[in-house]
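Reading through the structure tokens given below for one structure.
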Amino acid sequence: MTELLSVPLKKPVDIDIVKPLNNVIKSSYSNLKHDKLLEIEDAIEKFSQQRNTAIWKVYEKYESSLEVVYSYYDQLTALETKIVVQDLQVPFKWKDAFDKGSIFGGKASLTLASLSYEKICVLFNIAALQSSVAASQNLDSDEGLKVAAKLFQQSAGIFTYMKSAVPAISTTELTTDLSPETLNALACLMLAQAQEIFVFKAIKDNMKDMVVAKLCCQGEEMYSEALRLLQRDSIRTLWDKDWIPVVAGKQAGFHALTMFYHSLVSKNNKSIGEEISRLQKSIELFKIAQSRSGKLSFLEEYIIKAQRNLTEAKKDNDFIYNEMIPDINTLANPGKAQLAKHIPIANVMSTNFKDLFAELVPVALHHAMTSCDSRKNEIVNGEIMKLREATQILNNLLSNYNLPAAIETTETGSVLPPSLLEKVKIVCEKGGIISLKKMIDELPDLLNRNREILDEAERMLNDERDSDQQLREKFKQQWTRTPSSKLTSTFRENCETYRKIIDNAITADKTVRQKFEENQLGIHILSMNQEQLANEIPCGTIKNNVGNSAAAQKLRDLMESVETIKVERDVIESDLRSVTINLKDQFLSVLMTHGVINEPAISIAEIGKVLTPLQNQVQENLLRQRTLIEDINKTHQEFITESGAGSNKLHDEKLTQLAKAFDVFSELQHNLEDGVKFYNDLTQLLITFQNKISDYCFARKTEKDELMKDLTQQASRHVQSANPDVPAHMTSTSPPNKTTEQSPPAVPLMAAPYPIQSQGMPLPYGVSSNVQFPAYVPPPMPQGFNPYATLPYPNVYQGFPQAPNTAYYGTYPGAYANQQTQQQNANKPFGW
């Protein structure tokens, strides 16, 4: 018929997505190996290049451009399932597709740190590009008609989907091109143009007149609905000046074509009166269509045909039939035939999509695996803790009784028992007192490093808050964005959590230093060579005659049992630490089937199967120790009676002191290793936390700059919006359908075409609208292990922020792959 309308594009702005995405992936997938991280970094660079290509490729209005944009959208959809999307603080900025700008050259725009917002804007441009490519097709060829019809229907399907998807993006007001009224109008317009293509094809193929009449009747109804929606008061100022005249002209034109082709049916049926009535009405409507469209040549060939047919019909009626000419309103319409339908968005839009982040599992799966591993580690650490606490109790008992040194001295008559020499050897191999001092001296530096990172993170939050407050006081009510205090409450709560963790670590450092100072002399003696050590041990009276006593022999047997239990514990601990539970395939199967993973229900049963035998070994070992301690207590009393209590008091006290010092040395060695690891792990967590705050502050700064720019342009926009160039309101040429529901009253636009709004951070789908900012969830603390449970070095902190609910990440799209219907395969007219 005439020109086909295409939707204008949203203009993007180049942004840096590499650094924020790197931060999010490294924090979410902290267990990735170095080579995998390098591959991910390379994939992020390619993703950034893919975005830069896709967002500008839409301006090349060819079918090949569509494939490029499809691939980027598919990658966004895939990435959305593999990261915590609310942690990605990238300020995506897109300009309103319909805003006419101002004398300053600015355009209404919106900046949101939301991956869902980026997806919706890309999807809008896909639908717009589809309309442009469809409008540019050669309609004289069957291939051109086929492509145009397909793309218009796909565009209509996208705009219809967006109408329900957009409200979930953000609680803030979006630009008018993304309003439900705008999207609904565009969807109806695209569908009407798709129906127009089918009408053109039917006329071109010389289909039956009744078929063409039904297709035209449906086209008239679609254009009538599009005209009504385009002229709603809230959006009628958006469109280009020729849009409404073109749509109004086509509505009248299709009404005229319906009458014209129905008149041909009447002619074939020899109903001359009906033919004349319909031809008269069609000529009237053709002229209305020309007047509305502003083009005198619009449908001119059909007017000529209608006038020629009318002249012939009147001549035949006057000379032959003499039929009465019925009122056009009393005649039946031909009925309707709708071939154009919305084509839903496919799961994968591009033909050869390759996921750049194939190495990353879906975030729901990753968190399920992480939770399962944490659950397993919690049980394993608990069992190891039981063993080590029992070992500490046993060591304390032996130290108090100076065993096995007491029976070794009695047996050999030597000043230095073999067990003591063995302890000295172990201490010297581990670096002795110098090694402990070095690690203790490192703690303050490690502490200060973490404290400085946290202080810097808090400083950035405070600076951003102060800047926002100053501008709020300056611009008063015009400063409409969400206050920083509402957006950063979770950040500040986590700052306090980290601060408490550091305070607990300071207490642990004091405990370590105090224990070291209390046992420093004994550890120093154990660090000596054998000659120096002998000078430190007081001489005692040795009774060799009790060496073969029954009590001494029994104690030696019991010491062998002690060593056996300790060896068994080392084996059990090693077995516990080496346990691996891989439920990836099982989790993935559940995710693909149900869309969600009930991790506890699966993990607890599988963990129990693997760990129950080892837990039974732990219990059996602990029960044997109870009996062993009772036997040692009883036998030691017998030994004291036989050897004579107090005969070697100073000697025995010194050996007892050294035995205790050895136990403390071993304990401190483990604690300091845990402490250094704790501080290093905390550093990585705090760096990630600081990076997230840095990304947030950058997004807020970008948002602040945009709002200040809009405030400076607001006056000119008020002038523009006060005198809009809007065509006169046009109504449908067909009588209203009484059964049609009345549309709700239009929502008035604000005075300025750019929506002044609070541009807060996005809420994930499903979060209550009264939540101002999505919960920030830092990565969990590493599951370390405190060997003796005597220090408050945090392994798993109570109250530490836990992993987010998987509902925040959306449902894995594969769960519904079999539920989506592809309507493009239904109704394939003309063999398409």
Filtering segment 1-47 for residues that are small (Gly, Ala, Ser) and either under 21 Å from Leu129 (Cα atoms) or over 22 Å from the mean Cα position of the chain (by Cα) (or both) leaves a count of 1
| task | Say whether the condition of being at negative phi, modelled with pLDDT of 85 or more, over 23 Å from the mean Cα position of the chain (by Cα) and of a type in the set (Asp, Glu) is met by at least one residue in segment 87-98. | result | yes
If you go through Ser643, Ser647, the only one that is out of contact with any strand residue (DSSP E or B) (no Cβ under 8 Å at 6 or more places or on another chain), open to solvent by 40 Å² or more (accessible area, probe 1.4 Å), modelled with pLDDT under 85 and closer than 30 Å to Pro417 by Cβ is Ser647
The condition from (1) part of a helix (DSSP H, G or I); (2) free of Cβ contacts under 8 Å to residues at least 60 places away in the same chain that Lys270 misses is numbered (1)
Check your understanding: Do we have Thr580 as free of Cβ contacts under 8 Å to residues at least 12 places away in the same chain and either out of contact with any Pro (no Cβ under 6 Å at 6 or more places or on another chain) or aliphatic (A, V, I, L, M) (or both) here?
Key -> yes
Taking segment 562-580 and the residues there that are in contact with a Leu (Cβ under 9 Å, 6 or more places away or on another chain) and over 18 Å from Glu422 (Cβ atoms), the one that is most open to solvent (accessible area, probe 1.4 Å) would be Asp575
In segment 482-517, anything among the charged types (D, E, K, R), surrounded by 13 or more Cβ atoms within 10 Å (Cβ to Cβ) and under 19 Å from Ala661 (Cβ atoms) is listed as Arg513, Lys515
Subset of segment 607-620, residues open to solvent by less than 50 Å² (accessible area, probe 1.4 Å) and touching a residue at least 12 places away in the same chain (Cβ under 8 Å), comes to Ile607, Leu611, Leu614, Val618
Next on the checklist: Is it the case, given these coordinates, that Met460 is open to solvent by 20 Å² or more (accessible area, probe 1.4 Å) and either over 27 Å from Lys677 (Cβ atoms) or β-branched (Val, Ile, Thr) (or both)?
Outcome noted: yes
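Yes/no per residue for (1) modelled with pLDDT of 85 or more; (2) over 20 Å from Val90 (Cβ atoms); (3) open to solvent by less than 30 Å² (accessible area, probe 1.4 Å):
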| position | (1), (2), (3) |
| --- | --- |
| Gly675 | yes, yes, yes |
| Leu682 | yes, yes, yes |
| Leu685 | yes, yes, yes |
| Ile693 | yes, no, yes |
| Tyr696 | yes, no, yes |
| Lys704 | no, no, no |
| Ala722 | no, yes, no |
| Pro727 | no, yes, no |
Exactly one of Ile272, Ile244 is of a type in the set (A, V, I, L, M, F, W, C) and out of contact with any Phe, Trp or Tyr (no Cβ under 7 Å at 6 or more places or on another chain), and that residue is Ile244
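Listed here are the residues, each with its yes/no results for (1) crowded, with 20+ Cβ neighbours inside 10 Å; (2) in a helix (DSSP H, G or I).
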| residue | (1), (2) |
| --- | --- |
| Phe353 | no, no |
| Glu359 | no, no |
| Lys376 | yes, yes |
| Ala406 | yes, yes |
| Lys438 | no, yes |
| Pro444 | no, yes |
| Leu447 | no, yes |
| Asn450 | yes, yes |
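Condition check ((1) closer than 30 Å to Lys677 by Cβ; (2) more than 56 Å from the chain's Cα centre (by Cα)) across all residues:
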residue	(1), (2)
His524	yes, no
Ala551	no, yes
Asn582	yes, no
His594	no, no
Thr612	yes, no
Taking segment 296-319 and keeping residues open to solvent by 80 Å² or more (accessible area, probe 1.4 Å), closer than 20 Å to Asn269 by Cβ and either touching a residue at least 12 places away in the same chain (Cβ under 8 Å) or assigned to a loop (DSSP other than H, G, I, E, B) (or both) leaves Lys314
* Would segment 121-137 turn up any residue that is open to solvent by 10 Å² or more (accessible area, probe 1.4 Å), at pLDDT below 90, among the hydrophobic types (A, V, I, L, M, F, W, C) and part of a helix (DSSP H, G or I)? -> no
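Okay, residues lined up against (1) at pLDDT 95 or above; (2) surrounded by 24 or more Cβ atoms within 10 Å (Cβ to Cβ):
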{"residue": "Gln153", "(1), (2)": "yes, yes"}
{"residue": "Phe159", "(1), (2)": "yes, yes"}
{"residue": "Lys163", "(1), (2)": "no, no"}
{"residue": "Ile169", "(1), (2)": "no, no"}
{"residue": "Glu173", "(1), (2)": "no, no"}
{"residue": "Asp177", "(1), (2)": "no, yes"}
{"residue": "Ala185", "(1), (2)": "yes, yes"}
{"residue": "Met190", "(1), (2)": "yes, yes"}
{"residue": "Gln193", "(1), (2)": "yes, yes"}
Here the residues within segment 1-54 that are in contact with a Ser or Thr (Cβ under 6 Å, 6 or more places away or on another chain), of a type in the set (Gly, Ala, Ser) and either in a loop (DSSP other than H, G, I, E, B) or open to solvent by 40 Å² or more (accessible area, probe 1.4 Å) (or both) are Ser6
Selection over segment 33-52 where residues are touching a helix residue (DSSP H, G or I) at 6+ places or on another chain (Cβ under 8 Å) and in contact (Cβ under 8 Å) with a residue 12 or more places away in the chain yields a count of 8
Given the structure, is Leu285 within 22 Å of Met207 (Cβ to Cβ) and in contact with a Leu (Cβ under 8 Å, 6 or more places away or on another chain)? no
From the option list Asn333, Asn322, single residue qualifying as open to solvent by 40 Å² or more (accessible area, probe 1.4 Å) and under 16 Å from Ala252 (Cα atoms) is Asn333
Sole miss for Val380 among (1) crowded, with 20+ Cβ neighbours inside 10 Å; (2) in contact with a Lys or Arg (Cβ under 8 Å, 6 or more places away or on another chain); (3) in a loop (DSSP other than H, G, I, E, B) is condition (3)
Expected output for segment 426-445 (first residue on the phi > 0 side of the Ramachandran plot, partner surrounded by 14 or more Cβ atoms within 10 Å (Cβ to Cβ), Cβ below 8 Å, 6+ apart or cross-chain) is Gly432/Ile523; Gly432/Leu526; Gly432/Ser527
* Asked: Is it true that some residue in segment 284-293 is of a type in the set (Asp, Glu) and either farther than 22 Å from Asp327 by Cβ or buried (at least 24 other Cβ atoms within 10 Å of the Cβ) (or both)?
  -> no
Log entry, pairs with first residue in segment 164-183 being over 24 Å from Arg228 (Cβ atoms), second being hydrophobic (A, V, I, L, M, F, W, C) and open to solvent by 20 Å² or more (accessible area, probe 1.4 Å), beta carbons closer than 9 Å, six or more apart or on different chains, reads Thr171/Val771; Glu173/Met750; Glu173/Ile756
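The values are calculated or read from the model by the stated rules, or taken from the named source; none is laboratory data. Not measured: the values here are computed from a predicted model. Neighbour counts run over all protein chains shown; Cβ positions are idealised from the backbone, glycine included. Accessible surface is based on the protein model in full, side chains and every heavy atom, while ligands, DNA and RNA are left aside. Shrake-Rupley method; radii C 1.70, N 1.55, O 1.52, S 1.80 Å.
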